[in-house]
2 protein chains.
Amino acid sequence: MTPLIHTPQWQILAAHRDVLAGIHLNDLFAADPQRFARLSLQCGDLLCDFSKQRLTTETLALLVRLAEARDLAGFLRRMAAGEAINATENRAALHIALRAERPYRVAGRDVLPEVRATRARMRELTEAIRSGSWRGSSGARIDTIVNLGIGGSDLGPRMAAQALGAYADANLAARFVANIDPAEFADTVRDLDPERTLFIVSSKTFTTQETLANARAARAWLGKADPARHFLAVSNNLAAARDFGIPAENCLAMADWVGGRFSMWSAIGLPLACSIGMDAFEELLAGARQMDEHFLSTPYAENLPVVMALVGLWNIDFLGADSLAVIPYAHRLGLLPAYLQQLEMESNGKRVTLDNQEVGCATAPILWGMAGSVGQHAFHQLFYQGTRLTPIDFVVPVGDASPEQEALVANALAQGAALMKGKSLAEARAQLVAAGKSAAEAERLAPHLACPGNQPSTTLLMPQLTPRTLGSLIALYEHKVAVQGCLWGVNSFDQWGVEHGKQMAREILPKMLAGAGDFDDPKEIPLWDASTTGLLAAIRAWRKA
Amino acid sequence: MTPLIHTPQWQILAAHRDVLAGIHLNDLFAADPQRFARLSLQCGDLLCDFSKQRLTTETLALLVRLAEARDLAGFLRRMAAGEAINATENRAALHIALRAERPYRVAGRDVLPEVRATRARMRELTEAIRSGSWRGSSGARIDTIVNLGIGGSDLGPRMAAQALGAYADANLAARFVANIDPAEFADTVRDLDPERTLFIVSSKTFTTQETLANARAARAWLGKADPARHFLAVSNNLAAARDFGIPAENCLAMADWVGGRFSMWSAIGLPLACSIGMDAFEELLAGARQMDEHFLSTPYAENLPVVMALVGLWNIDFLGADSLAVIPYAHRLGLLPAYLQQLEMESNGKRVTLDNQEVGCATAPILWGMAGSVGQHAFHQLFYQGTRLTPIDFVVPVGDASPEQEALVANALAQGAALMKGKSLAEARAQLVAAGKSAAEAERLAPHLACPGNQPSTTLLMPQLTPRTLGSLIALYEHKVAVQGCLWGVNSFDQWGVEHGKQMAREILPKMLAGAGDFDDPKEIPLWDASTTGLLAAIRAWRKA
């Protein structure tokens, strides 16, 4: 396949970028009174306003042609047909089937029955736990679920359980432990009662280092409580789970056609379903399904995930943006940036195409963020007066009409507007004079008050943060990532890069556990660089002291 | 002053960068067996290994000359002398005085007596609360402190209270509310008893929108409990605090020669001091003081904060790094990235020098991160195989010798080593063949397993996470930021950019609170762009539905 950057469509976009260069967003708004109407899109209750991005409808049309040139339609067809689009692992990437109400086939086999069976099993389990018919081994009712998992087995349900705190069962708390650092487990269980705690071990292979360490810590902490009454597992390794003490009837399976970071819709969502109930969980699926249907059936120019993907690619590859900030103006969405960080950076943090060429342009950005309005008092300064192009996604559930909530939403809108509009030197000067500064002082200080503006942002507005709108929101980003991966030509569904560090840790760990020893054995220098050797020596010296 | 990028020292560095281009970190280690010894530095219990940065001792020497050319020594002298180095606000930036045991003068006046008086008052208050001699208005003992503050009045004590959880009083919890979103307050107090809860309102002016909203929510939640027994304030506005119901004897003052993001050492640290006790808080100050003394007295080439600043500037301005990831391998340090985000991005997210020129090069990076090992299962993929240069600071308290702790530390070291070393195509091919793949399969897949390596990182190693090492660590970053600000010529101590968004919010809010109205009045279009107007109209339509 022609490398992306050598396609004629790319060249046309590069020339178009040069034409737009130097045009301020304020000029684009002045030139087109219909700009908001033309550049905002809606799907269900999700309104996406792209009008504060540095582009025009012509830019979007050219980007759509780039997508067509990369056969996005064929990619979507193969994805929905359950073909092995995860080519390096020879697997499908069919997370849309997890929220489906219609058949999807993987290798010719309809997976809807097994999806429904898992949902039914989740309903049984969550209803048993929430109603109190599930009892701990001493006969006590469960009051806390603790999920033990990491990465894709942690971030999704953790993020969503916090986001949907308003829907949580007041008598059943959901907590999450991911880190191998024993402090996280200790801090999480400190105030819990073993007889009333139910752990969920989430590990497809039941071998994940961190998760197994925490599962062992949990078993020890439970004391004499029967693991069969205090452990569930989401795993395909029934033998290992059984050896650990978790009977097969306590295990839920995971399909191999779903990657970890796309799996919160599956049995991985069990802790979330415990917290909000299976009806609300099904609403989450329905919200995602609505986005799926929109995604698979809407022309690109009105297709939310496609347009979002194209806007992102434009910012990254044509305008040189190196990060994407996600700022949810809802405190309970505080983990959304961490969740999307995995989704985007693990999926498209790639440099080689499926036909083994260098991509040739920048791929996934650094995705980061924090809940608004908190970030305004921390890092927004850089957005206003730093030296970087900083695209932002503002995620704004409008919520009720209380004064505090209105202030929160007003802040969200104000940040987007102020970052776009900027403040000229003349405005800064006038403001300083109005505040009582002398003309000379105002002249000296104005450059420190002025802001260039022209910072691009997308606003994602929704009436309320509900299971349904959250489902749509997450599915939106999932599809955005897949579209960008298709255009860059990378495999968005593997994560082979991370193997290297794991292997290195397996080599270093035995030496550390052996305590004082041959850390500086010259034979090991080819294996461990002088830095690692030096750090290990420092550790050994501290241990001895 | 000559713009930084036009100095001869800058030009020499640019030429030197071109000489180093294409040399892999592996080559630098191969060329110099003493590289670790030459490029690692220690201050107290903090060991900083810079040897995995893409530079040589010659690079550092050239960077030191750049610092000399910018009169870093003069800047440090003026800072320590309490001169108004925050020139736009005509204030000193003398946070080092907050941890001092010797006189520092601001405008000729020794501030040590007032610093000591504040510490003494903090000791009285914390001892009263911790011992139970402070009682709620019903006579109950306080079991939870809730800090109400945002930005610099929140992030420091919040980060440190979590980091030093092992030192916390088991009978006194510390919680933090920052967001104006009412959900944060509601989620924080849900399980608390008003009679046993003591709020600290942290706002220098007692006018901060978010903090005052939360203070009002707290007063309402307390019901008939006497505010004088359930509120403290860290504020200079005694009249406003009194009007709110907080008597003067419950107020601690803040000096105007300390900026919010440098203030955790002051009375702003009160919630932290309540949690860990004043002795431990003084240890934190002692750790910072140790770093201060090192910083002010050590030649640049061996000066931890100076070298860290120079390395960062090298990465940003000569190698083109656009972000800095901070990955603490200690779960309790999970808020460190958020804390440093404010410190770096608010301090140096600037584009204009003190003599009113454009800086002309990139300033503060996007600072972000998450606790290791959790991030390995989320975003590390991009470090290994993405398209970006991604400098990382690994912060690693070695801790005790338990197997889980050793695994955590081994993971930290392994990530730094693996990201530097990379994996060649030949190694990837051999690994795939060893795993049973055919030669053809291995050939096809190897590019997806290979990693270029050469990713730079700094490892900050310390024996344990203690109040003292945490104090040193935070002071290290504070000074790093100040040095970078000096080199770039910006004022690291103001944050005037954020005013613009606040003003815009003040204009939008009354319209939102007025409900349905004239959002689309054409007269307002000059004030509000069509995007803001369109979003407000969507909100109005949802409200009506």
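The values are calculated or read from the model by the stated rules, or taken from the named source; none is laboratory data. Nothing here was measured: the structure is a model prediction, and the numbers come from that model. Neighbour counts are summed over all protein chains in view; Cβ atoms, including those assigned to glycine, are modelled from backbone coordinates with ideal geometry. Just so you know, the surface numbers come from the protein's heavy atoms only, side chains and all, with ligands and any DNA or RNA stripped out. Shrake-Rupley method; radii C 1.70, N 1.55, O 1.52, S 1.80 Å.
Across segment A:162-188, the qualifying residues are those that are among the hydrophobic types (A, V, I, L, M, F, W, C) and away from chain B (no Cβ under 12 Å), and the one among them that is farthest from A:Val234 (Cα to Cα) is A:Leu172. A:Gly436 satisfies every condition listed in (1) outside any helix (DSSP H, G or I); (2) surrounded by fewer than 18 Cβ atoms within 10 Å (Cβ to Cβ); (3) within 10 Å of chain B (Cβ to nearest Cβ) except (3). So in segment B:99-129, with the set limited to residues that are exposed (fewer than 12 other Cβ atoms within 10 Å of the Cβ) and in a loop (DSSP other than H, G, I, E, B), which one is modelled with the lowest pLDDT? Within segment B:99-129, the match that is modelled with the lowest pLDDT is B:Ala107. If only residues of segment B:397-421 that are part of a loop (DSSP other than H, G, I, E, B) and at the interface with chain A (Cβ under 7 Å from one of its Cβ atoms) are counted, the one that is most open to solvent (accessible area, probe 1.4 Å) is B:Ala401.
Each residue in segment A:408-448 was checked for being within 18 Å of A:Gly375 (Cα to Cα) and either among the hydroxyl-bearing types (Ser, Thr, Tyr) or touching a helix residue (DSSP H, G or I) at 6+ places or on another chain (Cβ under 6 Å) (or both), and 9 pass.
Based on this model, can you work out whether A:Gly312 counts as open to solvent by 10 Å² or more (accessible area, probe 1.4 Å), more than 9 Å from chain B (Cβ to nearest Cβ), within 27 Å of A:Thr469 (Cβ to Cβ) and touching a residue at least 24 places away in the same chain (Cβ under 8 Å)? Answer is yes for this residue. Residues that are in contact with a Phe, Trp or Tyr (Cβ under 9 Å, 6 or more places away or on another chain) and of a type in the set (Lys, Arg) within segment B:231-281 comprise just one, B:Arg261. Of the candidates A:Arg351, A:Arg332, A:Arg289, the single residue that is at the interface with another protein chain (Cβ under 9 Å from one of its Cβ atoms), over 30 Å from A:Asp143 (Cα atoms) and open to solvent by 20 Å² or more (accessible area, probe 1.4 Å) is A:Arg351.
Among the residues making up segment B:439-489, none is of a type in the set (Asp, Glu), open to solvent by less than 20 Å² (accessible area, probe 1.4 Å) and over 18 Å from B:Gly287 (Cα atoms).
Is at least one residue of segment B:189-203 within 30 Å of B:Glu283 (Cβ to Cβ), assigned to a helix (DSSP H, G or I) and either open to solvent by less than 10 Å² (accessible area, probe 1.4 Å) or within 14 Å of another protein chain (Cβ to nearest Cβ) (or both)? Within segment B:189-203, not a single residue is within 30 Å of B:Glu283 (Cβ to Cβ), assigned to a helix (DSSP H, G or I) and either open to solvent by less than 10 Å² (accessible area, probe 1.4 Å) or within 14 Å of another protein chain (Cβ to nearest Cβ) (or both). Restricting attention to segment A:361-378, does a residue exist that is more than 18 Å from the chain's Cα centre (by Cα), under 20 Å from B:Leu324 (Cβ atoms), assigned to a loop (DSSP other than H, G, I, E, B) and within 8 Å of chain B (Cβ to nearest Cβ)? Checking segment A:361-378: at least one residue is more than 18 Å from the chain's Cα centre (by Cα), under 20 Å from B:Leu324 (Cβ atoms), assigned to a loop (DSSP other than H, G, I, E, B) and within 8 Å of chain B (Cβ to nearest Cβ). Every condition in (1) among the acidic types (Asp, Glu); (2) within 21 Å of the chain's Cα centre (by Cα); (3) over 23 Å from B:Ile474 (Cα atoms) is met by B:Asp154 except one, and the failing one is (3). Being crowded, with 21+ Cβ neighbours inside 10 Å, within 13 Å of chain B (Cβ to nearest Cβ), touching a Phe, Trp or Tyr at 6+ places or on another chain (Cβ under 7 Å) and not hydroxyl-bearing (Ser, Thr, Tyr) is a description that applies to A:Val498.
Which residue pairs have Cβ atoms closer than 7 Å, lie 6 or more positions apart in sequence or on different chains, and pair a first residue in segment B:528-545 that is more than 7 Å from chain A (Cβ to nearest Cβ) and open to solvent by less than 10 Å² (accessible area, probe 1.4 Å) with a second residue that is among the hydroxyl-bearing types (Ser, Thr, Tyr) and outside any helix (DSSP H, G or I)? From residues that are more than 7 Å from chain A (Cβ to nearest Cβ) and open to solvent by less than 10 Å² (accessible area, probe 1.4 Å), there are no pairs.
Scanning segment B:245-268 for any residue that is part of a helix (DSSP H, G or I), within 24 Å of B:Ile85 (Cβ to Cβ) and in contact with a strand residue (DSSP E or B) (Cβ under 9 Å, 6 or more places away or on another chain) turns up at least one such residue.
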